[in-house]
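Colleague: Below: one structure in structure tokens.
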Amino acid sequence: MMSDIDLQNRPMDTPALAKQTGGDKTTTVRPSWPPPPRPRKKRSKLKLASSILVIIISSLLLISSLALILFKTSTGYQASLRHAATVEVQQTRSVQNTAQAQAQGTANYFQTAQAQIEASATAEGNQAAIATQTVNDATATATAGEKLYQLWTASKTLIDDPMQDNSGSSKWDRGGPAANTGCSFTDNTYHAKEAQIGYLQPCIAQGTNETDIAYQASVSILQGNPGEAGLLLRANSEGSSYYFFHVGSNGSYALDLYQSDNQGKILLQGLSDAITPGLQQTNQLMILAHQDSLTILANGHYLGAISDDTLTSGKIGVAVINNGTPIDATFSDVKVWKNEIKS
């Protein structure tokens, strides 16, 4: 056997020593180095053809796979292009439709705005026309009322009383229920007073009884702020039913209807520059009564007219209202004209 040293010193890939035995003599044969070339095995023609065929088939399969991939890729790309084109067309149409809708909406808006402007202009024009017509009607009515006043006062007076005393035929009330309340001739002037807040003091000319007349008097509120004073028309003897045309120290006016001691019913009211406001200021008041038509004027200026047939005839008078402090008012230059106008 070979020792370990021999094995370690043996070259790699070197074949082991071979022994050749012949007769009685053993000869050790050493292999040659380097070894002779080994013979190569030759491939058969069939195997070569098979290899070539496999290569060709593999190549064809590879080419087919590449072609299929290219086809699918191309088809997908074209489909993507068609889809993108379709989406673009749809978006374009949507944009066009939106633009058309916006344009139509804008046109509708301007048409609506124009219609509203025209309607507003028409309404304003109508309102202006109505306002103008109202002013014209009021002016015409005022002119008619003032002409009526001039027509009535052009005739002979039925009563012309300076109201310095009670010597005339009118027979004005005198006295009163309490101090500083009632009717009296004082200092050549007729006074009506009321001391209780919220109360009205009437003073009746008991010697009168008229139907269609023009009644005028000068009124001055001496004290009582705010206070009201004015004329009574178609009053009964008790002084519980009458028409009351009065003005206030603040320039207001009103025409009221009183019946059987009930609260007054306002028929007309307002403010007028024709009335001189303040205490100790004189205003000439007039009321025209023709059947159921009642017209009121202050200082010759028309204030208003109303139709009311509740009271048809009665006495004339004056009255005051205490609205806060005791009131004292004077009345002078009473004139009454008989209605000479034919119905």
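Colleague: Go through segment 209-259 and give me each residue that's closer than 17 Å to T330 by Cβ and polar (S, T, N, Q).
Modeller: Those that are closer than 17 Å to T330 by Cβ and polar (S, T, N, Q): Q216, S218, S220, Q223, N225, S249.
Colleague: So, in segment 245-277, how many residues would count as being open to solvent by 30 Å² or more (accessible area, probe 1.4 Å), touching an Asp or Glu at 6+ places or on another chain (Cβ under 8 Å) and within 20 Å of C203 (Cβ to Cβ)?
Modeller: Looking only at that region, the number is 1.
Colleague: Could you please find all residues in segment 123-170 being open to solvent by 90 Å² or more (accessible area, probe 1.4 Å) and at pLDDT below 90?
Modeller: Within segment 123-170, E124, Q127, I130, Q133, K147, Q150, L151, K156 meet the criteria.
Colleague: Taking the stated definitions as given, is S184 assigned to a strand (DSSP E or B), open to solvent by less than 50 Å² (accessible area, probe 1.4 Å) and among the polar types (S, T, N, Q)?
Modeller: So S184 fits the description; yes.
Colleague: If you don't mind, there's one more thing I want to ask. Could you pull out the residue among Q223, Q201 that is closer than 19 Å to G278 by Cα and either open to solvent by 10 Å² or more (accessible area, probe 1.4 Å) or among the charged types (D, E, K, R) (or both)?
Modeller: Of the residues listed, the single one that is closer than 19 Å to G278 by Cα and either open to solvent by 10 Å² or more (accessible area, probe 1.4 Å) or among the charged types (D, E, K, R) (or both) is Q223.
Colleague: Any chance you could count how many residues in segment 169-181 are more than 17 Å from I321 (Cβ to Cβ) and in a loop (DSSP other than H, G, I, E, B)?
Modeller: Looking only at that region, the number is 5.
Colleague: Check off (1) among the hydrophobic types (A, V, I, L, M, F, W, C); (2) closer than 23 Å to G278 by Cβ; (3) crowded, with 22+ Cβ neighbours inside 10 Å for A195 and give me the number that stays unchecked.
Modeller: Of (1) among the hydrophobic types (A, V, I, L, M, F, W, C); (2) closer than 23 Å to G278 by Cβ; (3) crowded, with 22+ Cβ neighbours inside 10 Å, only one is false for A195: (3).
Colleague: Is it fair to say Q206 is of a type outside the set (S, T, Y) and open to solvent by less than 60 Å² (accessible area, probe 1.4 Å)?
Modeller: no
Colleague: Any chance segment 327-340 includes a residue that's within 45 Å of the chain's Cα centre (by Cα) and within 20 Å of G248 (Cα to Cα)?
Modeller: Among the residues of segment 327-340, not one is within 45 Å of the chain's Cα centre (by Cα) and within 20 Å of G248 (Cα to Cα), which makes the answer no.
The values are calculated or read from the model by the stated rules, or taken from the named source; none is laboratory data. Fair warning: this is a prediction, and the values are worked out from it, not measured in the lab. Methodologically, a virtual Cβ is constructed for each residue, glycine included, from the backbone with ideal geometry; neighbour enumeration extends over all protein chains shown. These area figures cover heavy atoms from the full protein model, side chains too; ligands, DNA and RNA do not enter into them. Shrake-Rupley method; radii C 1.70, N 1.55, O 1.52, S 1.80 Å.
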